[in-house]
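The values are calculated or read from the model by the stated rules, or taken from the named source; none is laboratory data. Everything quoted here is computed from the prediction, not taken from an experiment. For neighbour counting, all protein chains shown are included, and Cβ atoms are generated from backbone atoms with ideal geometry for every residue, glycine included. Only protein heavy atoms, including side chains, enter the accessible area calculation; ligands, DNA and RNA are left aside. Shrake-Rupley method; radii C 1.70, N 1.55, O 1.52, S 1.80 Å.
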Amino acid sequence: MLDPSRPDAFDRDFTLFYFAYRAFTGAADDALAEHGMGRAHHRILTFLAYSPGMSVGELCDTLDLTKQAINAPLRRLIAEDLVHVAPGAKDRRRKELHLTDRGATLERTLHARQRALFHSALQQAGPTAAAGWRAVLAPLAGADWSAFTAAVADRERTTGEDEEHHTRST
């Protein structure tokens, strides 16, 4: 609870951020529950949709998880034909992770409510506020965001392929 005797505006901002984060994550939780999945599955689908062709190691680094922690949710996504493993285009020893068509459909379903929340909020706030919001998030995300976006750009440059080439029909 906010302490009205404390003039720290950050208390209010932290609380606002918490409620926004809860609404954002909660938007996908119901859809995940329908599939018997949790947020780890969601994060894997999210990052493979944004950056197809990541290796397990790259995915672990991005999500800041150990291979042991990612093993069970990734195995399940593979077993349910939502993610598939393919040899690398340039180095066949490299194992790349890609969403299948079913996985891409599930990812879009999970993010539909989140995208609607973002769209509504950014529309209400307006373009200047939206740019300001992104300007606040970038330094919060820090070096992780910079490294991830650089890796995505590098992977796109090296492969020359887009997301459509990385999905497999079910």
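First compute the accessible area of segment 119-161 with a 1.4 Å probe, then give the percent of it belonging to carbon and sulfur atoms.
Here it works out to 61 percent.
Can you pull out the trypsin sites (Lys or Arg not before Pro) in segment 73-133 that DSSP calls coil and that have at most 14 other Cβ atoms within 10 Å?
Here the trypsin sites (Lys or Arg not before Pro) that fit, given the DSSP loop and packing criteria, are LYS90, ARG92, ARG93, ARG94.
How far apart, in nanometres, would the label points at SER146 and ALA23 be if each is projected 7 angstrom from Cα along the Cα-to-Cβ direction?
3.1 nm
Just read off the accessible area of ASP30 with the full protein assembly in place, 1.4 Å probe, to the nearest 10 Å².
90 Å²
Of the residues LEU97, LEU45, LEU16, which exhibits the maximal mean-square fluctuation in a Gaussian network model of the chain defined by a 10 Å Cα contact cut-off?
Checking each option, the largest mean-square fluctuation is seen for LEU16.
Direction-averaged shadow area of the convex hull around the Cα atoms of the chain, nm²?
12.2 nm²
With springs only between Cα atoms under 10 Å, which of PRO87, PRO139, PRO52 fluctuates most in a Gaussian network model of the chain?
Checking each option, the largest mean-square fluctuation is seen for PRO139.
At 20 angstrom or more along the helix axis (alpha-carbon based) and mean Kyte-Doolittle of -0.5 or higher, what helices does the chain contain? Whole DSSP H runs only.
Long hydrophobic helices here: 9-34, 127-159.
Excluding ligands and nucleic acids, what accessible area in Å² is computed for PHE118 using a 1.4 Å probe, to the nearest 10?
80 Å²
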